[in-house]
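The values are calculated or read from the model by the stated rules, or taken from the named source; none is laboratory data. Since the structure is predicted, the reported quantities are computational estimates derived from the model, not experimental observations. Every residue, glycine among them, receives a Cβ derived from its backbone with ideal geometry; neighbour counts consider all protein chains shown. Heavy atoms of the whole protein, side chains included, go into the accessibility calculation; ligands, DNA and RNA do not. Shrake-Rupley method; radii C 1.70, N 1.55, O 1.52, S 1.80 Å.
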Amino acid sequence: IYFKTNEDKLPEDRKVGYIVITADKGLAGSYNHNILKMAEEHLKNHPNHSLFVLGELGRHYFEQRGIEIEKQFHYTVQNPTLNRARNIAEEILELYLHNELDEVYIIYTSMINAIQEETQMSLKKADFTVQIPIDIPREELALKPSPEAVMDRIVPNYVVGFVYGALVESFSCEQNARMMAMEGATNSAKQMLKELDIEYNRARQAAITQEITEVIAGAKSQKKKRKK
């Protein structure tokens, strides 16, 4: 997610907020690593930042590296609900409206397909500069009670919907990544067992061959003694 204010401020003076969505546990392949890597890169580029974390793994990661966390939202990752998304959005918007944040980003993971995921940093401002053909009839849009009042209701709801979408996408990607990681671990274990089974059979066969060789050698030795 991305929205900003105070255009007159220099980039280095703007307070940037980052909402980072991670998992509560590991064993999910590169899911958490990709999110934390992207987050850490952006935090280094924007020293004047505020960090908001969802997920225990993200909290432990940043705390171990001495990166200050403005707030951690608890019990949200494993059970994404519209109410929790609204609570997060309201708190961030409150900071934004009081000029405590000038830019806000959400770093999360979206699912491209059943086997491909992508770490994203978005909530970008829409581009309304669309070229409309001249022959298309245009009418003035009536907004009541006023355009400001309508936008004041629409924009927060849009942000809530986007936060909720990011939570659901992240949760789905986490479960998919965990399933693929477990499948990969299972296949690796099966392959390892297969290779160990082959090694065991070779060792067993070598031991049997060695025993047979020793028996034959002993029989030949006894036969030579008898002849003498």
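Within the stretch 156-187, the set of residues being buried (at least 16 other Cβ atoms within 10 Å of the Cβ), in contact with a strand residue (DSSP E or B) (Cβ under 6 Å, 6 or more places away or on another chain) and polar (S, T, N, Q) comprises SER170 only. Annotation note: Cβ proximity below 9 Å between a residue of the stretch 165-178 that is in contact (Cβ under 8 Å) with a residue 60 or more places away in the chain and a residue that is open to solvent by 30 Å² or more (accessible area, probe 1.4 Å) and part of a helix (DSSP H, G or I) (sequence gap 6+ or interchain) occurs for LEU167/ARG84. Taking the criterion of being within 20 Å of GLN175 (Cα to Cα) and free of Cβ contacts under 8 Å to residues at least 60 places away in the same chain, the residues of the stretch 38-59 that qualify are VAL53, GLY55, GLU56, LEU57, GLY58, ARG59. Please tell me if ALA85 is out of contact with any strand residue (DSSP E or B) (no Cβ under 9 Å at 6 or more places or on another chain), within 18 Å of GLY58 (Cβ to Cβ) and either in contact (Cβ under 8 Å) with a residue 60 or more places away in the chain or not charged (D, E, K, R) (or both). It is true that ALA85 is out of contact with any strand residue (DSSP E or B) (no Cβ under 9 Å at 6 or more places or on another chain), within 18 Å of GLY58 (Cβ to Cβ) and either in contact (Cβ under 8 Å) with a residue 60 or more places away in the chain or not charged (D, E, K, R) (or both).
Only one of the numbered conditions (1) open to solvent by less than 100 Å² (accessible area, probe 1.4 Å); (2) part of a helix (DSSP H, G or I); (3) of a type outside the set (Ser, Thr, Tyr) is not met by GLU148, and that is (1).
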